[in-house]
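A.B. asks: Before we start, here is the structure in question, set down as structure tokens.
No lab work stands behind these numbers, since they all come straight from the coordinates. Everything numeric in this text was worked out from a predicted model, so none of it was measured. In this analysis, Cβ positions are derived from the backbone assuming ideal geometry, glycine residues included, and neighbour counts consider all displayed protein chains.
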């Protein structure tokens, strides 16, 4: 169940933006649609929302092709801010609530609640163009969440936000996901959103290059590094692990690359047997490192278009 | 369909509220109201004085003449004052010096060369009429017979010109000017709204919720209602005054023309509004709006010039008939032509039907341009990009 992207393709004239992208988006978790600029993320989101029609493929929701009625229940926040400059903040949120099918009274009360949640309750009567950039960003979020959408789609919601705003937006999204909503957002700042998304779909050149849960992907990648500070006279205890390579070997910091299949705990045990372990840590690859290695794979000669 | 209307009216409602709240709406509507009231009130104030003629006579003017002249003055809108002089020379001097419009002494009617108008004719007629009555009575006719002879009227005089009523043509030209200004202002307002929504990317949010036709029709409705309200503000006092009094210098037949003008505005607006909206969807920045809508504005300007320069002087010429039927020019040309009073009703109905049909056609074309153009950002969209290439959608 949830949202399925099935074999979506789209081109603008001769330029292929999406070339058969497929992945599922589960409810209750935050899914990140990640990739560099120009990867096709915005095009895919626009197709999901029905703003663009795909050349091929289908978006399915709860097992059937998504329709206009489904989409009216969704919330969409586009990459560039779309707010009426001369409209009071509260009216703006109420208006979008009504466009999504709420009655005027429902829309007004939900707008009040949402602006309070986002810290804008005292700005109800302020014109949008009088608000600061950060406030406008939160107002934009409010217009896409006012009808309590079952599916929330955000295009680059973190672009241009300060760390505080990133944290508060993340919290708002986590809250919605925990409430069982389907949350999908796109970002090109892979490491910024690393801690937020639970599932990811990475796209590059209109194709998916990496799919799955972030934790699994990072843990199962061949790029884990064990950092250990061990008071041992020499490195002979490492001889039992021929596949483990030494990345760097400073006096107090030994950095080891662990290939898949090697349990970091076994290596740590060997180190403890050799001497006192003062400090240790397991470094998983960042999302951008994962992306780079995944994107490299698609750039083999056969894959180059 | 119910869902379609709900979304459309929400878009229209928002546009209306924003428009009515704006300062420019209040200022323009206030000015229009003042203008309309002035158009009604100023002729009333001037008309209250009316035209006054002065008649000089030797001694007091005869009661019969005074009664006849007053009776003639009431429907024609003039009043007569009387001055008395001692002798014929004094009467003549009074007229010459401008103290009197005309002077009556013995068998002579003195008039000045200027500013007497039809007054001397009226006096002469009154004198002949009085004398005829006296002689007929003397000849032994009964008062009824005299009255019957007096009721003889000359044949009705009709000027065989290209128009039936010059005053009404003036109204027609006025209607043409107002329609032109209203269409240009409304079109610019629509174009600005569309370009603003595109440049602020509101349209992308809207298109995720609504269909392009809903956004388009809603936006057009809001501006249309506002402009219609302003036109009614301008026309209502004039139309009401026409019903109540005939003293505002506008022929009574023009009341119907004003009603027709409102109908033509609705048609012309429906036709042009979607052209303006589609043209504005091509912009990238809001500052490009004027150059983007230039082609549409040019069609309007051309229709307007044709209406004033070709149609008003010769409303029944072949060219005039042709441009009053052509849908793009009909909304501006037909009201001007109609005021000549020489347009067959079938031509009016046909022109309206053609305009309405073209407007319906344009809604779908404009919706399609609007939808495609809204998502192309970063550069000014060329019309060529709007035509789908074969093999791709």
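A.B. asks: Does anyone have the angle between helix B:63-76 and the longest principal axis of chain B? Alpha-carbon axes, 0 to 90°, nearest 10?
C.D. replies: Roughly 10 degrees between the two axes.
A.B. asks: Once you put a point 7 Å from the Cα of residue A:269 and another 7 Å from the Cα of residue B:377, both along the Cβ direction, what distance in nm separates them?
C.D. replies: Each label point lies 7 Å from its Cα, and together they span 5.7 nm.
A.B. asks: Let me ask something else. Restricting to the protein assembly as shown, compute how many DSSP beta bridges are antiparallel as a %, nearest 5.
C.D. replies: Of all bridge pairs located within the protein assembly as shown, approximately 60 percent are antiparallel.
A.B. asks: If each residue's Cβ is checked for other Cβ atoms within 10 Å, how do B:175, B:233, A:183, B:323 rank with the fewest at the top?
C.D. replies: B:233, B:323, B:175, A:183
A.B. asks: Next question. Between the range A:56-106 and the range B:1-37, what's the alpha-carbon centroid distance in Å?
C.D. replies: Using only Cα atoms, the two centres lie 24 Å from each other.
A.B. asks: A follow-up question, please. Can you compute the modelled spin-label distance between residue A:167 and residue B:99, with each label point 7 Å from Cα toward Cβ, in nm?
C.D. replies: My value for the distance between the label points is 10.3 nm.
A.B. asks: Is there a simple number for the mean count of other chain Cβ atoms within 10 Å of the Cβ of residues in A:11-19, and what is it?
C.D. replies: Mean partner shielding for this stretch: 1.
A.B. asks: Calculate the mean, over all residues of peptide B:192-201, of how many other protein chain Cβ atoms lie within 10 angstrom of the residue's Cβ.
C.D. replies: What the average comes to for B:192-201 is 2.
A.B. asks: What do you get for the angle between helix A:104-117 and the principal long axis of chain A? Use alpha-carbon atoms, 0 to 90 degrees, nearest ten.
C.D. replies: 30
A.B. asks: Oh, and also: Quick check: residue separation of residue B:139 and residue B:24 times 0.36 nm, minus the Cα distance between them. What number comes out in nm?
C.D. replies: 33.8 nm
A.B. asks: Moving on to the next point. Looking at chain B, what % of its DSSP beta bridges pair antiparallel, to the nearest 5?
C.D. replies: 25
A.B. asks: Follow-up. What percent antiparallel are the DSSP beta bridges of chain A, to the nearest 5?
C.D. replies: In chain A, approximately 70 percent of DSSP beta bridges are antiparallel ones.
A.B. asks: Just need the Rg to Rh number for the range B:51-150, please, alpha carbons only, Kirkwood Rh.
C.D. replies: 1.01
A.B. asks: Can I ask one more? Along the Cα→Cβ direction, 7 angstrom out, place labels at residue A:189 and residue A:122. What is the inter-label distance in nm?
C.D. replies: 2.7
A.B. asks: Per-residue counts of other Cβ atoms within 10 Å, averaged by peptide: what ranking do you get for B:361-370, B:267-276, highest first?
C.D. replies: Final packing ranking: B:267-276, B:361-370.
A.B. asks: Please work out, to two decimal places, the log10 of the ratio I(q)/I(0) at q = 0.08, 0.11 Å⁻¹ from a Debye calculation in which every Cα of the range A:3-218 carries one identical scatterer.
C.D. replies: -0.27, -0.52
A.B. asks: Given R₀ = 60 Å, FRET efficiency for residue B:350-residue A:53 by Cβ-Cβ distance, to 0.05?
C.D. replies: It comes out at approximately 0.90.
A.B. asks: Give me the inter-chain shielding for B:9-22: mean count of other chain Cβ atoms within 10 Å, whole number please.
C.D. replies: The per-residue average across the peptide is 2.
A.B. asks: Another question, then. If you average the alpha carbon positions of the range A:159-237 and of the range B:328-361, how far apart do those two centres end up, in angstrom?
C.D. replies: If you average the Cα positions of each part, the centres end up 67 Å apart.
A.B. asks: Of B:58, B:305, how do they rank once you tally other Cβ atoms within 10 Å and put the fewest first?
C.D. replies: B:305, B:58
A.B. asks: Now for a separate question. Pairing the Cα long axis of helix B:254-280 with the longest principal axis of chain B, what angle in degrees results, from 0 to 90 and rounded to the nearest 10?
C.D. replies: 20
A.B. asks: Pick from B:172, B:64, B:259: which is most flexible by mean-square fluctuation in a GNM of chain B where alpha carbon atoms under 10 Å apart are linked?
C.D. replies: For chain B, modelled as a Gaussian network with Cα springs under 10 Å, the answer is B:64.
A.B. asks: Turning to a different aspect of this structure: Taking the Cβ-Cβ separation of residue A:12 and residue B:13 as r and a Förster radius of 35 Å, what is the calculated FRET efficiency to the nearest 0.05?
C.D. replies: Efficiency for this residue pair is about 0.50.
A.B. asks: What FRET efficiency comes out for the pair residue A:225/residue B:4, r = Cβ-Cβ distance, R0 = 60 Å, nearest 0.05?
C.D. replies: 0.55
A.B. asks: For a bin width of 10 Å, list the pair-distance distribution of the range A:224-283 built from all Cα-Cα distances, rounded to whole %.
C.D. replies: 24, 66, 10
A.B. asks: Can you sort A:148, B:97 from fewest to most other Cβ atoms within 10 Å of each residue's own Cβ?
C.D. replies: Fewest to most other Cβ atoms nearby, the residues stand as B:97, A:148.
A.B. asks: Stretch residue B:70-residue B:153 to full length: gain in nm at 0.36 nm per residue minus the Cα-Cα span?
C.D. replies: Going from the current span to full extension adds 28.0 nm.
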